[in-house]
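Undergrad: One structure coming up, written as structure tokens, with questions to follow.
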Amino acid sequence: MEVMFDRVAGLDVGKESVTVCLRTPGVRGRRHAETRTFKTTFGALRVMRDWLVEAGVSIAAMESTSTYWKPPFYCLEEVMEVWLLNAAHMKAVPGRKSDVRDAEWIAQLLEHGLLAPSFVPPPEIRRLRMLTRYRTQLMGDRVRDTTRLELMLEDASIKLSSVASSLNTVSARAMLAAMIDGETDPLRLAELARGKMRRKIPDLAQALTGTFDAHHAQLARSMVGRLDLVEQALAELDAVIVDACQPWAHQIELLQTIPGVGPTVAQVFIAETGGDMSRFPTAAHLAAWAGLAPAMHESAGRRSPAGKRQGNKWLTAMLAEAAGSVGRMHGKNYLAVKHARLLKRRGMGRANIAVGHSILVAAYHMLQRDQAYADLGPDWRERRNVEAHTRRLVAQLEHLGHTVILEPAA
């Protein structure tokens, strides 16, 4: 088999050590292999890098093992080309499984050009990605803490969440604070409602009648305190992310012209994809990488669907959230009509994934062409069917030898 790269290195990365197999040209056309093991501390990785540079290595490859691949990858990318490999695309030789065997196998596959690198964004995008992913985790913490608070109130027969849209609204927080301070009169608690919530004062008074005691107040104080800390951290992080996204302000502005896409979704899109669509040959490649393309298994000439592909869970979750927002627009645009149509036939989950795929494809072409979103209109499907039917009829008449001239109806 032809050797594509003369001097390569394969790395098997662990938490505490990394095993490196160096393969270089040997005598009489053979290949020479040398394997060493280094610790994953900063100093040891620099020693590893110097050894590979002295050997003339121009390309290295490693498997994406949890987050342990990051230190050696960042250390080597400064001086050579580094490929990050998807574990599902590369299988080690069965039997005699060891770090040395894995490193040797990676190096052998790499030198023959049998590996494909995964997408690793540049450092500035990686820093932005850390911020947006941490924000997503904080948002998850907020949801979990709110759920804990709601379940605790249910134990006290307090049905506040049945009347208020959320326990994080200003009115709900004011009532919770009063309950924690010892207020037990449901009418006084209901009078703390503000804005549109004041219309529900009778319902609130009934919902706030329960067995909320000192024990519940102690738990509620702790839970609300945690929620306040999370809210404060989110507010600070939002400001940091806005500043970090300034180099991509134009792309983020374009993305927000898509229905359902707000600043948060646009920022995550840039952080996960890098904003440079030239890295993906087509929109289909981007959809497959994101995990929004359907998987397909073929064997013996038979094809069978295999559900959604595995991909970038952070981007997929945000696109599904944007699709859910589109679904609440009640037929105002093309995406909303598509979501409603799929919701009836396939359910909420599949509708969100399908509309998220459409949003992703639109974003790809918008960033590639530097154009804002142009909505097809809620009646596009009907118009397309009429136009296609007209073309079929015209083609049939021309096939019969007629000349067809179409004039719009008066």
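The values are calculated or read from the model by the stated rules, or taken from the named source; none is laboratory data. Note that this is a predicted model, so its numbers are computed, not measured. FYI the Cβ positions are ideal-geometry reconstructions off the backbone, even for glycines, and counts take in every protein chain you see. In case anyone asks, the SASA skips ligands and DNA or RNA and just uses the protein heavy atoms, side chains included. Shrake-Rupley method; radii C 1.70, N 1.55, O 1.52, S 1.80 Å.
Undergrad: Gain in length, PHE119 to GLN137, computed as 0.36 nm per residue apart minus the alpha-carbon separation, to one decimal in nm?
TA: Numbers: separation 18, 0.36 × 18 = 6.48 nm, distance 2.26 nm.
Computed gain between PHE119 and GLN137 is 4.2 nm.
Undergrad: Taking H placed 1.01 Å from N in the peptide plane, check which residues at least 5 places from GLU63 or on another chain put their amide H under 5 Å from its amide H.
TA: It is LEU11, VAL13, LEU85, by chain and number.
Undergrad: Mind checking which of ALA244, ALA174, ALA362 has the largest fluctuation in a GNM of the chain, springs on alpha carbons under 10 Å?
TA: ALA174
Undergrad: Can you list which of the trypsin sites (Lys or Arg not before Pro) found in the stretch 171-237 are DSSP loop residues with at most 13 other C-beta atoms within 10 Å?
TA: Values: sites: ARG173, ARG188, ARG194, LYS196, ARG198, ARG199, LYS200, ARG221, ARG226; in loops: ARG194.
Passing sites in the stretch 171-237 are ARG194.
Undergrad: Still on this structure: For the residue pair ARG144 and ASN86, what label-to-label distance in nm results when each label sits 7 Å from Cα along the Cα-to-beta-carbon direction?
TA: 2.9 nm
Undergrad: Ok, one more. For the stretch 310-388, which whole percent of the accessible surface, found with a 1.4 angstrom probe, sits on carbon and sulfur atoms? Walk me through the numbers before you get to the answer.
TA: Values: 2320 of 4450 Å².
That fraction is 52 percent.
Undergrad: Once neighbouring chains are kept in place and the probe is 1.4 Å, which whole percent of the accessible area of the stretch 23-137 is contributed by carbon and sulfur?
TA: Numbers: 3470 of 6500 Å².
Ligands and nucleic acids excluded, carbon and sulfur reach 53 percent.
Undergrad: Ok, one more. As I understand it, the value is the acute angle between the Cα axis of helix 99-111 and the longest principal axis of the Cα atoms of the chain; what does it come to in degrees, rounded to 10?
TA: 80 degrees
Undergrad: Expressed in nm to one decimal, what extension gain is obtained for the pair MET296 and ARG345 from 0.36 nm per residue of sequence separation less their Cα-Cα distance?
TA: Values: separation 49, 0.36 × 49 = 17.64 nm, distance 2.13 nm.
Extra length available between MET296 and ARG345 comes to 15.5 nm.
Undergrad: Something else about it: Based on Cα coordinates alone, diagonalise the gyration tensor for the stretch 6-52, multiply each eigenvalue by 5, take square roots, and list the semi-axes in whole Å, largest first.
TA: Values: eigenvalues 112, 21, 9 Å².
Working through the eigenvalues yields semi-axes of 24, 10, 7 Å.
Undergrad: Counting only pairs 8 or more residues apart or on different chains, how many lysine pairs in the chain have their Cα atoms under 24 Å apart?
TA: 18
Undergrad: While we're on this one: Report the label-to-label distance for ASP155 and ALA214 in nanometres (one decimal), using points 7 Å from each Cα along the Cα→Cβ vector.
TA: In this crude spin-label approximation the distance works out to 1.7 nm.
Undergrad: Karplus couplings for the stretch 395-400 from phi (6.51 cos²θ - 1.76 cosθ + 1.60, θ = phi - 60°), rounded to Hz, Gly and Pro as x?
TA: So the J values, rounded to whole Hz, are 5, 5, 5, 5, 5, 7.
Undergrad: Tell me, Kirkwood radius of the chain from alpha-carbon pair distances, in Å? Walk me through the intermediate numbers first.
TA: Details: mean 1/r = 0.0379 Å⁻¹.
It is 26.4 Å.
Undergrad: What FRET efficiency, computed as 1/(1 + (r/R0)^6) with R0 = 25 Å and r the Cβ-Cβ distance, is obtained for VAL386 and VAL361, rounded to the nearest 0.05?
TA: Details: r = 24 Å, r/R0 = 0.96.
About 0.55, to the nearest 0.05.
Undergrad: Give me the number: length gained by fully extending LYS332 to ASP6, i.e. 0.36 nm times residue separation minus the C-alpha to C-alpha distance, one decimal in nm.
TA: Details: separation 326, 0.36 × 326 = 117.36 nm, distance 5.87 nm.
In short, 111.5 nm is gained.
Undergrad: May I pose another question? To the nearest 10 square angstrom, how much accessible area does SER166 have with a 1.4 angstrom probe?
TA: Here the accessible area works out near 40 Å².
Undergrad: Hey, another quick one. Using θ = phi - 60° and the Karplus relation 6.51 cos²θ - 1.76 cosθ + 1.60, list the HN-Hα couplings for the stretch 2-7 in order, rounded to whole Hz, with x at every Gly or Pro.
TA: 5, 8, 8, 10, 6, 10
Undergrad: From the helices alone, meaning DSSP H stretches of at least four residues, give me the mean residue ellipticity at 222 nm for the chain, per-run term -39500 (n - 2.57), in deg cm²/dmol to the nearest 500.
TA: Working: 16 runs with 220 residues, N = 410.
Taking each H run of at least 4 residues, the total per residue is -17000 deg cm²/dmol.
Undergrad: Now for a different question. In 5 Å bins starting at 0, how do the alpha-carbon pair distances of the stretch 13-127 split up by percent?
TA: Percent of pairs per bin, in order: 2, 11, 22, 26, 22, 12, 4, 1, 0, 0.
Undergrad: Which residues' amide hydrogens lie under 5 Å from the amide hydrogen of THR35, considering only partners 5 or more residues apart or on another chain, with H built in the peptide plane?
TA: Counting only residues 5 or more places away or on other chains, the set is LEU22.
Undergrad: Using a probe radius of 1.4 Å on heavy atoms only, what accessible surface per residue do you get for the chain? Whole Å² is fine. List each step's numbers first, then the result.
TA: Numbers: 23570 Å² over 410 residues.
For the chain, the solvent-accessible area averages 57 Å² per residue.
Undergrad: Sticking with this one: Relative to the first principal axis of the alpha-carbon coordinates of the chain, what is the inclination of helix 170-180, with its axis defined by its Cα atoms, in degrees from 0 to 90 and to the nearest 10?
TA: 80 degrees
Undergrad: When only DSSP loop residues count, what trypsin sites (Lys or Arg not before Pro) in the stretch 1-48 have their Cβ near at most 11 other Cβ atoms within 10 Å?
TA: Working: sites: ARG7, LYS15, ARG23, ARG28, ARG30, ARG31, ARG36, LYS39, ARG46; in loops: ARG7, LYS15, ARG30.
Counting only loop positions with at most 11 other Cβ atoms within 10 Å, the trypsin sites (Lys or Arg not before Pro) in the stretch 1-48 are LYS15, ARG30.
Undergrad: If you average the alpha carbon positions of the stretch 164-220 and of the stretch 256-292, how far apart do those two centres end up, in angstrom?
TA: 42 Å
Undergrad: Within the stretch 144-286, what whole-number % of the accessible surface is contributed by carbon and sulfur, with the 1.4 Å probe and all protein chains included in the calculation? Walk me through the intermediate numbers first.
TA: Working: 3960 of 7320 Å².
The nonpolar share, carbon plus sulfur, comes to 54 percent.
Undergrad: Next question, about the same structure. Across all directions of projection, what mean area in square nanometres is found for the Cα convex hull of the stretch 266-403?
TA: Average projection, Cα convex hull of the stretch 266-403: 12.0 nm².
Undergrad: OK, next. Can you give me the C-alpha center-to-center distance between the stretch 7-27 and the stretch 142-157, rounded to a whole angstrom?
TA: The stretch 7-27 and the stretch 142-157 have Cα centres separated by 52 Å.
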